[in-house]
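Q: One structure, pasted below without further comment.
The values are calculated or read from the model by the stated rules, or taken from the named source; none is laboratory data. Everything numeric here is computed off the predicted structure, so don't read it as measured data. Cβ atoms come from the backbone with ideal geometry, glycine included; neighbour counts cover every protein chain shown.
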Amino acid sequence: MAVTETTNEQVRVRVFGGPTALIEYGGLRFLTDPTFDAPGDYRQPGGLLTKTAPSAAAPADLGRIDVVLLSHDEHPDNLDNSGRAMLSDVPLTLTTTGAGQRLGNGARGLADWESIELDRPGGGTITVTGAPAIHGPGPREEVEPFTGQVVGFVLTGRDLPTVYVSGDNASLEAVREIAERFGPVDTAVLFAGAPRFPVLFEGAPIVLDSPQVVEAAEILGARRVVPVHYDSWAHFTEGRDELVAAFTDAGLVDRLDLGDLG
């Protein structure tokens, strides 16, 4: 698998497969949901997860990481063994409130709309705000007992564009709340792939499907959408082709950034 790299003004994004992307923003380097294990099987209470393709990079290839943005720690397709090991080498991991307690040193949980300010090299700050996310269809109180707690992130800073990282979110209502507070968004890193499990929610997607990714882009007013988490795992039911088709059908393919379009 090749590294997908995309640059838009002050935001550079490199995608390594699955949910793992490196975002260079305001002089800091943010890594989303680190997954670097080789292909293989993981047994989970809800069934078997199978990784089908290797990451395009190893932790040692990435250089300095200032912050890990970890949407949740309970599923190996978002934090695998190699990713968990690398957390000890990163100064700060921002994650759910529950994961912040479980992971310990270097991890801090963010509740919905809770913010932390990070110092930028050369002066100024970046604000990271926890954003609501629901890992399945329906209200949070009905979903979280089965799929766990998830958090998204919004990055903002003076004279910097707004960046949104969705995490494993299936709720367009959550996206509307984020748009009301922070829209329009310049770059939206949206988790996609429409993963489904017959034993969960009658097989409904537990993360956005491709038409919903388009709708999320419209709600956010996003100038650029960088999709992640739609490849490298067997439980994804939609991939690159479905994303391109959905954005093309909506007349928004110019917003979709896979690193090599156009």
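Q: Restrict the check to the stretch 91-99 and report whether at least one residue is part of a helix (DSSP H, G or I), within 18 Å of G152 (Cα to Cα) and among the polar types (S, T, N, Q).
A: Yes, because at least one residue in the stretch 91-99 is part of a helix (DSSP H, G or I), within 18 Å of G152 (Cα to Cα) and among the polar types (S, T, N, Q).
Q: I'm trying to understand the selection: among the residues of the stretch 113-131, which are over 20 Å from R176 (Cβ atoms) and not in a strand (DSSP E or B)?
A: Of everything in the stretch 113-131, those that are over 20 Å from R176 (Cβ atoms) and not in a strand (DSSP E or B) turn out to be R120, P121, G122, G123, G124.
Q: I would also like to ask the following. Any idea how many residues of the stretch 223-262 are of a type in the set (A, V, I, L, M), over 19 Å from R14 (Cβ atoms) and in a loop (DSSP other than H, G, I, E, B)?
A: Going through the stretch 223-262 one residue at a time, the tally reaches 3.
Q: Can you list residue pairs whose Cβ atoms sit under 7 Å apart, with the first residue in the stretch 113-133 being farther than 24 Å from F191 by Cα and modelled with pLDDT of 95 or more and the second being small (G, A, S) and not in a strand (DSSP E or B)? Count only pairs 6 or more apart in sequence or on different chains.
A: R120/G26; R120/G27
Q: Here's a follow-up. If I go through the stretch 211-249 residue by residue, how many of them are under 18 Å from G17 (Cβ atoms) and not hydrophobic (A, V, I, L, M, F, W, C)? First the steps, then the outcome.
A: Within the stretch 211-249, the subset under 18 Å from G17 (Cβ atoms) is 213, 225-244.
Now narrow it down to the ones that are not hydrophobic (A, V, I, L, M, F, W, C): 227, 229-232, 235, 237-242.
Adding up the residues that qualify gives 12.
Q: Right, another one. May I ask you to say which residue of V154, V189, V150 is buried (at least 24 other Cβ atoms within 10 Å of the Cβ), under 24 Å from T93 (Cα atoms), out of contact with any His (no Cβ under 8 Å at 6 or more places or on another chain) and modelled with pLDDT of 95 or more?
A: V189
Results for (1) without any contact (Cβ under 8 Å) to a residue 60 or more places away in the chain; (2) of a type in the set (D, E); (3) part of a loop (DSSP other than H, G, I, E, B), shown as yes or no for each residue.
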site	(1), (2), (3)
A56	yes, no, yes
A60	yes, no, no
V68	yes, no, no
H72	no, no, yes
P76	yes, no, yes
L79	yes, no, yes
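Q: Restricting to the stretch 96-136, count the residues that are under 22 Å from F36 (Cβ atoms) and either aliphatic (A, V, I, L, M) or more than 19 Å from the chain's Cα centre (by Cα) (or both).
A: 7
Q: For I206, which of the numbered conditions (1) within 30 Å of G27 (Cβ to Cβ); (2) in contact with a Lys or Arg (Cβ under 8 Å, 6 or more places away or on another chain) fails to hold?
A: All conditions pass for I206, except number (1).
Q: Output the number of the condition that T93 fails; it satisfies all remaining conditions of (1) more than 15 Å from the chain's Cα centre (by Cα); (2) under 21 Å from T35 (Cβ atoms); (3) at pLDDT 95 or above; (4) buried (at least 20 other Cβ atoms within 10 Å of the Cβ).
A: The one condition T93 does not meet is (1).
Q: Oh, and also: Would you check which residues across the stretch 167-214 are of a type in the set (G, A, S), assigned to a loop (DSSP other than H, G, I, E, B) and farther than 24 Å from E74 by Cα and list them?
A: First, the residues of the stretch 167-214 that are of a type in the set (G, A, S): 167, 170-171, 174, 179, 183, 188, 192-194, 203-204, 210.
Next, only the ones that are assigned to a loop (DSSP other than H, G, I, E, B) stay: 167, 170-171, 183, 192-194, 204.
Within the stretch 167-214, G183 is the sole residue that qualifies.
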